[in-house]
Amino acid sequence: MAKRKEIKWRWEARGTMIGRQNGIIFRIYHPWDMPEREHTVSCYDTKGSARTISTAGYRKFTWEEAVEFCQAIAAGEIDLEDLRAEFAAIEAERERQALRKAVEEAKEFRGHLEAAGISYNTLLELEALRGNLGSLGHNALLGFERGEGWPDGT
């Protein structure tokens, strides 16, 4: 392996270090209130988009790991297409998990509706009618439900 040229880092702002090499601007982010292993990296290719990537939401590094990751990208040792595919797979799995959770919650709510003997469409229609009540009508109905009767004495 050829000797790598070291990236020179400088402080940018708000916990961010910035460095440049081979037409790529590297940024290492570290939120001030996070533990040591919370650095993320972004790379911006000034010559195109083939070497542009961000690890935010996918990988976290120590400072040393983040620097090494940037050095490896600058030296061409990391295949960014493989990394993008890995991040896309992670994102697809997150979407599948979110969908599974939403379906579970919908099924549970559907059980509550069935126990009340109404459909979801009926619930939506009732919500629309309730929204048209206004605050006075809402409070009058609440009072009636609490046994206070109607405010007009009927």
Review point. By how many degrees, between 0 and 90 and to the nearest 10, does the Cα long axis of helix 120-131 differ from the longest principal axis of the chain?
Key: 80 degrees
Point to revise | Helix axis angle, 134-145 relative to the chain longest principal axis, alpha carbon, degrees | key: 60 degrees
**Study point:** Calculated Rg and Dmax of the stretch 65-154 using C-alpha coordinates, Å
**Key:** 27.1, 83
Review point. In terms of solvent-accessible area of protein heavy atoms at a 1.4 angstrom probe, what is the ranking of TRP150, TRP11, highest value first?
Key: TRP11, TRP150
Revision key, fill the gap. HN-Hα couplings for the stretch 82-96 via Karplus (6.51, -1.76, 1.60; θ = phi - 60°), in whole Hz with x for Gly/Pro, come out as 5, 5, 4, 5, 4, 5, 5, 5, 4, 5, 5, 5, 4, 5, 4
Review point. Carbon and sulfur atoms: what percent of the 1.4 Å accessible area of the stretch 83-146 do they account for?
Key: 59 percent
Review point. How much accessible surface does GLU91 have with a 1.4 Å probe, in Å² rounded to 10?
Key: 60 Å²
Review point. Which of LEU133, LEU123, LEU99 moves the most in a Gaussian network model of the chain with Cα springs under 10 Å?
Key: LEU133
Study note, to complete from the structure: Checked against the positive end of the charge dipole of the chain (+1 on Cβ of Lys and Arg, -1 on Cβ of Asp and Glu, about the Cα centre), the farthest of VAL41, LEU126, HIS138 is VAL41
Check your understanding: Which value, in debye to the nearest 20, describes the size of the charge dipole of the stretch 29-108 about its Cα centre when Lys and Arg Cβ atoms bear +1, Asp and Glu Cβ atoms bear -1, and nothing else is charged?
Key -> 260 debye
Exercise for review: Could you tell me what fraction of 2.2 N^0.38 Å the Cα radius of gyration of the stretch 9-78 comes to, as a two-decimal ratio?
Suggested key: 1.04
Point to revise | Centroid-to-centroid separation of the stretch 65-100 and the stretch 107-154 [C-alpha atoms, Å] | key: 49 Å
Check your understanding: Which residue fluctuates the most in the chain, going by a Gaussian network model with Cα springs under 10 Å, if the choices are GLU114, GLU77, GLU65?
Key -> GLU114
Point to revise | lysines whose Cα lies under 25 Å from that of LYS47, excluding same-chain neighbours fewer than 8 positions away | key: LYS3, LYS5, LYS8
Study note, to complete from the structure: Expected sort for 69-76, 83-90, 100-107 on mean C-beta neighbours within 10 Å, highest first, is 69-76, 83-90, 100-107
Exercise for review: Report, to the nearest 10°, how far helix 63-74 tilts away from the longest principal axis of the Cα atoms in the chain, using its own Cα long axis and a range of 0 to 90°.
Suggested key: 70 degrees
Practice item. Find the accessible area per residue for the stretch 80-154; the probe is 1.4 Å, ligands and nucleic acids are left out, and the unit is Å². Key: 81 Å²
**Study point:** Given charges at beta-carbon only (K, R positive; D, E negative), |dipole| of the chain in Debye
**Key:** 900 debye
Check your understanding: With springs only between Cα atoms under 10 Å, which of ARG130, ARG59, ARG14 fluctuates most in a Gaussian network model of the chain?
Key -> ARG130
Check your understanding: Which residues' amide hydrogens lie under 5 Å from the amide hydrogen of HIS39, considering only partners 5 or more residues apart or on another chain, with H built in the peptide plane?
Key -> PHE61
Review point. Which value in Å is the Kirkwood Rh of the chain over different Cα pairs?
Key: 20.8 Å
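The values are calculated or read from the model by the stated rules, or taken from the named source; none is laboratory data. This structure is a prediction, so every number in the text was calculated from the model and none was measured. Positions of Cβ are generated from backbone atoms using ideal geometry, with glycine treated the same way; all protein chains shown enter the neighbour counts. Please note that ligands, DNA and RNA were not included when accessible areas were found on the heavy atoms of the full protein model with its side chains. Shrake-Rupley method; radii C 1.70, N 1.55, O 1.52, S 1.80 Å.
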